[in-house]
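First comes the structure, then the notes that go with it.
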Amino acid sequence: MKKIKIVLLMIVAVIFILPSCKKGENDPFLSLKTRKARITGEWTLKEGTSTGTSVNGSTTSTYTSTYTSSTCTSSSSGTSTTTPYTEKLTIDKDGTFKWEINDNGDMDTYEGAWYFGRKNKELDIKTKETVCLAITKDTYLSGGTTTIDTYTGTNAIAYPVVLQIDMLKNKEMTVKMDGTYNSTGGSTIYSGTDKGTKTYEQ
């Protein structure tokens with residue numbers, strides 16, 4: 001009888017503990033791996049879409065981008081262009097990352113440190129719902145010319161790249177973009193929107 005009670009208590013504990021790993025809106029309800037264990041590894045872009053608008057005074061423009069594992073199709077003002085495009089994001093357990101983006105032959109490689117963002121009520125963000133990438137080195141290769149920028153100290157953490165995770169499974173991750181900006185202080189009004197998702201797989 002005592003063993004049965006212990007087993008029941010363990011089951012109840014698991015039921016309450018595992019959902020606490022659910023941070024993204026579409027995370028699996030139950031997972032035997034922690035969020036850190038699930039996010040570490042090598043991720044490649046599988047697919048994605050993004051749409052946006054940009055207002056500059058009286059001029060409004062819109063764009064749409066559609067991603068596959070090897071291309072990006074961009075449409076703006078009635079013109080559509082498809083170019084080679086790949087992404088590979090490596091997140092290591094030791095707190096470092098490497099993000100390689102090949103955009104139509106131009107290669108951008110970001111390296112640095114990563115960490116989970118904390119809860120923020122104002123931004124409606126849960127703990128570990130965002131991943132912050134503090135860039136310490138940016139290597140850009142274009143047309144046979146390589147440019148290397150390095151950052152240390154507060155310059156590396158002042159403006160991190162922030163990924164908001166909508167779904168994180170063992171081998172699949174979806175990052176969402178959903179933001180706006182608006183500037184009305186001067187004589188010209190600037191505003192815009194950006195919305196979409198990108199799905200990565202290991």
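Rule-based calculations on the coordinates, nothing more; no lab input. Because the structure is a prediction, the values reported are computed rather than measured. Note that we place each Cβ from the backbone using ideal geometry, even for glycine, and neighbour counts take in every protein chain shown.
Working from the alpha-carbon coordinates of the range 54-202, get Rg over Rh, Rh being the Kirkwood radius.
Details: Rg = 17.4 Å, Rh = 17.7 Å.
Ratio of gyration radius to Kirkwood radius: 0.98.
What number in nm² do you get for the range 137-179 if you take the convex hull of its Cα atoms and divide its surface by four?
Projected over every direction and averaged, the Cα hull of the range 137-179 covers 5.4 nm².
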Quick one: what does P(r) look like for the range 101-141 with 5 Å bins over all Cα pairs, in whole %? 6, 20, 17, 14, 14, 13, 10, 5, 0
Under 15 Å from a point 7 Å along the Cα-to-Cβ line of THR150: which residues of the range 103-121 have their amide N that close? 111-113
Entries of LYS36/LYS169; LYS137/LYS169; LYS88/LYS128; LYS137/LYS171; LYS36/LYS119; LYS46/LYS121 with Cα pairs more than 23 Å apart: LYS137/LYS169; LYS137/LYS171; LYS46/LYS121
Arrange the following residues from fewest to most other Cβ atoms within 10 Å of their Cβ: GLU47, GLU111, GLU122. GLU122, GLU47, GLU111
Centroid-to-centroid separation of the range 119-193 and the range 64-79 [C-alpha atoms, Å]: 21 Å
I'd like the FRET efficiency for LYS33 and SER54, computed as 1/(1 + (r/R0)^6) with the beta carbon distance as r and R0 of 30 Å, rounded to 0.05. 0.15
With the range 35-137 reduced to its Cα atoms and the Debye formula applied, log10 I(q)/I(0) at q = 0.18, 0.21, 0.23, 0.25 1/Å amounts to -1.03, -1.11, -1.14, -1.18
Grab the Cα-Cα distance for MET107 and LYS119, subtract it from 0.36 nm times how many residues apart they are, and report the gain in nm with one decimal. 1.0 nm
